[in-house]
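Okay, structure first, notes after.
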Amino acid sequence: MAVQPITSTNHAPHTVQPIPVILNGRTLEHNRRMPLNTDWVEAVRVNTSAVERRAATHVARRTVKKETQAAWLLRAIACMDLTTLSGDDSADRVRRLCAKARNPLQRHIVEGLGIEELHLTVGAVCVYHAFVETAVKALEGSGIPVAAVSAGFPAGLNPLAERVEEIHRSVEAGAQEIDIVITRAHVFNGEWQALYDEVAAFKEAAGPAHLKAILGTGDLMTLRNVARASWVAMMAGADFIKTSTGKESVNATLPVSLVMVRCIRDYAERTGMAVGFKPAGGIRTAKQATDWLALMKDELGRPWLEPSLFRFGASGMLGDIERQLEHHLTGRYSATYRHPIA
């Protein structure tokens, strides 16, 4: 049974030219740093009750089944940053993760779905700086980029010079994407210039690498703080804004994600520039993957279903997606141990 994925290409998604980014009839440019506009930041207001109601109805009213569900799950794989950020990480674990990134689905599932020509891979592999060179070597020739968490991850409290130097080292080691952590205290204190300067310094240090700014939303207390931090990070030149490190007590949630993607939409309408979004932490099931994909499509449109503008920060989710796709083919659920990640 062949499945038509949500994609217009028969090649690995990150190796092709992205589709034009158009929002409300306007073609958008890649984001670049602009002067800090504190009026935009201070004007932010968020109706928390309305956001929570919208997130709840989104889950309740949106469902996909059968071939459509399989297609959405393939899109989720293509937009996944396959991640290992554990204290017991090793070079062998990273190499196994990279092998899974190259071939995220078992061969019989690929053949059963009739998607051999897609050459499906994940969007990136995300590791600590210490394993960047290992991952780059393991992914050689695949076109899969390596993302490095940096800037004092996960607390983001190292001296600024050390965090900037860490970014330089990761880029020199071959990282094509850098996930940085902001200083949350700047948000609590309303120190918008300091936050802007920090992210701008990280962006400059990253050079050609894509910069994902992790807001640590579980630490920011209010949705208004999340929205204000999003605006500042985007004005400072972040290519993506990302919810969480995965280490907070609360990580990616749909209400937080809704606030952030609407900031992206408003920013695009005001500036003509597109910013990507990455939810991370706590997203573990195939159902959650379709919830977030539907949110992106509803709020931002088709271009934000490409890995150039949307990523999941996940690892365990891939195993559940693989089980769901096997169920789609056979009508039976396999044991989780049959779908190892690393």
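The values are calculated or read from the model by the stated rules, or taken from the named source; none is laboratory data. Since this is a predicted model, take the numbers as computed values, not measurements. Here the Cβ positions follow ideal geometry from the backbone for every residue, glycine too, while neighbour counts run over all protein chains shown. Note: areas computed on protein heavy atoms with side chains; ligands, DNA, RNA excluded. Shrake-Rupley method; radii C 1.70, N 1.55, O 1.52, S 1.80 Å.
What FRET efficiency comes out for the pair L329/R33, r = Cβ-Cβ distance, R0 = 45 Å, nearest 0.05?
For L329 and R33, the calculated efficiency is 0.45.
So how much accessible area does W304 have, in Å² to the nearest 10, using a 1.4 Å probe?
0
I'd like to know which of T271, V146, G301 lies farthest towards the positive end of the charge dipole of the chain, counting +1 on Cβ of Lys and Arg and -1 on Cβ of Asp and Glu.
G301
Roughly what angle does helix 223-235 make with the longest principal axis of the chain, taking Cα atoms, 0 to 90 degrees, to the nearest 10?
Orientation of helix 223-235: about 90 degrees from the principal axis.
Taking the structure as given and computing Cα Rg over 2.2 N^0.38 Å, which label from (i) 1.42; (ii) 1.19; (iii) 0.94 fits?
After the calculation, the listed value that fits is (iii).
Which Cα, out of I321, T183, N225, lies furthest along the positive dipole direction of the chain (beta carbon charges, K/R +1, D/E -1)?
Working it through, the farthest residue towards the positive pole turns out to be I321.
Between region 111-128 and region 262-298, what's the alpha-carbon centroid distance in Å?
21
Roughly how far apart, in whole Å, are the Cα centres of region 305-342 and region 43-88?
Cα centroid to Cα centroid, the span is 15 Å.
Given the whole protein assembly as supplied and a 1.4 Å probe, what does the accessible area of D219 come to in Å², nearest 10?
It works out to around 60 Å².
With label points built 7 Å along Cα→Cβ from the Cα atoms of E42 and K65, find their separation and express it in nm.
My value for the distance between the label points is 5.4 nm.
Quote the charge dipole size of region 43-338 about the Cα centre in Debye, to the nearest 20; the model charges only the Cβ of Lys and Arg (+1) and of Asp and Glu (-1).
1140
Starting from the Cα of T222, step 7 Å along the direction of its Cβ; do the same at A155; then give the gap between the two resulting points in nm.
Going from the T222 label point to the A155 one covers 2.7 nm.
Take the solvent-accessible surface of the protein heavy atoms, probe 1.4 Å, and return the percent of it on region 43-338 that carbon and sulfur atoms account for.
49
If I stretch the segment between A91 and E116 completely, what's the gain in nm (0.36 nm per residue apart, minus their alpha carbon distance), one decimal? Could you put the intermediate results ahead of the total?
Details: separation 25, 0.36 × 25 = 9.00 nm, distance 2.94 nm.
Stretched fully, the A91-E116 segment lengthens by 6.1 nm.
How far apart, in nm, are two points set 7 Å out from the Cα along the Cα-to-Cβ line at D266 and at E140?
Simple spin-label model gives 4.8 nm for this pair.
So what is the calculated 222 nm ellipticity per residue for the chain, using -39500 (n - 2.57) for each DSSP H run with n of 4 or more, over all residues, to the nearest 500 deg cm²/dmol? Numbers along the way, then the final one.
Details: 13 runs with 152 residues, N = 342.
Rounded to the nearest 500, it is -13500 deg cm²/dmol.
Between T336 and E165, what length comes free when the chain is fully extended (0.36 nm per residue of separation minus the Cα-Cα distance, one decimal in nm)? Walk me through the numbers on the way to the answer.
On the way: separation 171, 0.36 × 171 = 61.56 nm, distance 4.05 nm.
Extra length available between T336 and E165 comes to 57.5 nm.
Taking every DSSP beta bridge with both residues inside the chain, roughly what % is antiparallel (nearest 5)? Intermediate results must be reported in sequence, preceding the final value.
Working: 2 of 30 bridges.
The antiparallel proportion sits near 5 percent.
Residue by residue through region 123-136, which ³J(HN,Hα) values in whole Hz follow from phi under the Karplus form 6.51 cos²θ - 1.76 cosθ + 1.60 (θ = phi - 60°), with glycine and proline marked x?
Residue by residue, region 123-136 yields x, 6, 10, 10, 9, 5, 3, 4, 10, 4, 4, 4, 5, 4 Hz.
Per residue, how much accessible area does region 115-158 show when a 1.4 Å probe rolls over the protein heavy atoms, in square angstrom?
About 38 Å² of surface per residue is accessible.
With contacts defined as alpha carbon pairs under 8 Å and 6 or more residues apart, what's the relative contact order of the chain in percent?
23
Would you mind getting the accessible area per residue of region 199-342, heavy atoms of the protein chains only, 1.4 Å probe, in Å²?
Numbers: 4330 Å² over 144 residues.
Solvent-accessible surface per residue comes out at 30 Å².
Kindly express, to the nearest 10 degrees and within the range 0 to 90, the angle between helix 286-299's C-alpha long axis and the longest C-alpha principal axis of the chain.
So the helix axis and the longest Cα principal axis differ by about 50 degrees.
Pick out, from W292, A238, A280, the residue whose Cα sits farthest towards the positive end of the charge dipole of region 162-315, with +1 on the Cβ of Lys and Arg and -1 on the Cβ of Asp and Glu.
Selected residue: W292.
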